[in-house]
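This report refers to the structure that appears directly beneath it.
Just so you know, all these numbers are worked out from the coordinates, no wet-lab data involved. Worth saying up front: this structure is predicted, and the values here are computed from it rather than measured. Cβ sites come from the backbone with ideal geometry, for glycine too, and all protein chains shown count toward neighbours.
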Amino acid sequence: MIAISNLSKSYKTASGVFKALNKLDLTIEKGDIYGIIGFSGAGKSTLVRCMNRLEEPDEGTVAIGDTVITELEGKRLREARQKIGMIFQQFNLLDGKTAFQNVAFPLRVAGRDKTFIRKRVTEVLEMVQLSDKAGHYPSQLSGGQKQRVGIARALVNEPDVLLCDEATSALDPQTTYSILELLQSINQQLGLTVVLITHELEVLQHICNNVAVIEQGEIVETGTVDQFFLNPQSDTARRFVNIVERYRQKRKLAVEGVGAGI
């Protein structure tokens, strides 16, 4: 389980102090696929980066299982981070290294021996269906293949939690679907807790069980994905759902127009 309590984070800007997270509380059950949705600037990315201490919160706690991440320093923090996989929107691959070398990188940093690295990297590349691309460089891969390398790299240390920061935003709809199917399969195979930061409602609908809505650095609504769409409680959730409804109406009118020969 992930338990976040009283989490706050501020940044100094030219116009003053910007509070990205404001005493935020959130609980995510082990093994869930959990969506966190909000508009730009709501605090989504800051939240996920505080969860693995890429950003230092000003106050509050983040606990993953029995480990309070916000209390760790030095070697203990580095070891804990190995159990938190992270997938980024822009892939964050090393251009000068092959897919195999990119996936192996965390293991090399951790000091694992070559035999273990070869075996483990081969396993995860097969899991993400990229065994035939092991020797390819990022420039030789499609966007979807790059993200699969990113997923393999996030999985190589056998994490307990997989954090996805807008992991499909840079992908076309068909590729997005295939990546979401892969994440769902990984969740089922490994029992990983998957946290998806997104502004895409299709992501929620496709694989998430539960959702939290973030607005101005605070969680303003939590519940099942069905509840989110059928009975939104917060202004932010209603705005999202209304956007979807307007889009569906436009699509319906466009289809009817084509059918009428307009």
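Here the average projected area of the convex hull drawn through the C-alpha atoms of segment 25-85 stands at 4.7 nm².
If R0 is taken as 30 Å, the Cβ-Cβ distance between ASP172 and LYS97 corresponds to a FRET efficiency of 0.75. Each Lys and Arg contributes +1 and each Asp and Glu -1, all at the Cβ; summed about the Cα centre of segment 14-54, the dipole is approximately 200 debye. The modelled label-to-label distance between ASP58 and VAL241, using points 7 Å beyond Cα along the C-beta direction, is 3.3 nm. For SER8 and THR224, what is the calculated FRET efficiency with R₀ set at 35 Å and r taken between the beta-carbons, to the nearest 0.05? E between SER8 and THR224, to the nearest 0.05, is 0.80. Relative contact order, whole percent, for the chain stands at 25, derived from Cα pairs under 8 Å and 6 or more residues apart. Annotation: amide H of ILE87 within the under-5 Å range of LEU163, CYS164, ASP165, sequence separation 5 or more or interchain, hydrogens built in the peptide plane. Modelling each spin label as a point 7 Å along the Cα-to-Cβ direction, I'd like the PHE39/LYS23 distance in nm, to one decimal. Roughly 2.4 nm, to one decimal. Amide H contacts for ALA20 (H built 1.01 Å from N in the peptide plane; partners 5 or more residues away or on another chain; cut-off under 5 Å): LYS9, SER10, TYR11.
Convex hull volume per residue, computed on the Cα atoms of segment 125-224, equals 115 Å³. Under the simplified labelling scheme, the LEU190-ASN231 pair shows an inter-label distance of 3.6 nm, with each label point 7 Å from Cα along Cα→Cβ.
Have a look at THR13, THR168, THR222 and tell me which one the Gaussian network model of the chain (Cα, springs below 10 Å) gives the largest fluctuation. Residue with maximal mean-square fluctuation among THR13, THR168, THR222: THR13.
Here segment 1-113 was treated as a single set of alpha-carbon atoms; its pair distances binned every 5 Å from 0 give 2, 9, 18, 20, 18, 15, 11, 5, 1, 0, 0 percent. Beta bridges per DSSP, both residues in segment 60-195: antiparallel share near 20 percent.
Note on SER45, SER15: ascending count of other Cβ atoms within 10 Å places them as SER15, SER45, the fewest first.
For LEU141, the shell of other residues with beta-carbons less than 15 Å away shows a net charge of +2, using +1 for Lys and Arg and -1 for Asp and Glu.
Only Lys, Arg, Asp and Glu count, each charged at its Cβ (+1, +1, -1, -1), so figure out the dipole size of the chain about its Cα centre, rounded to 20 debye. Dipole size: approximately 780 debye.
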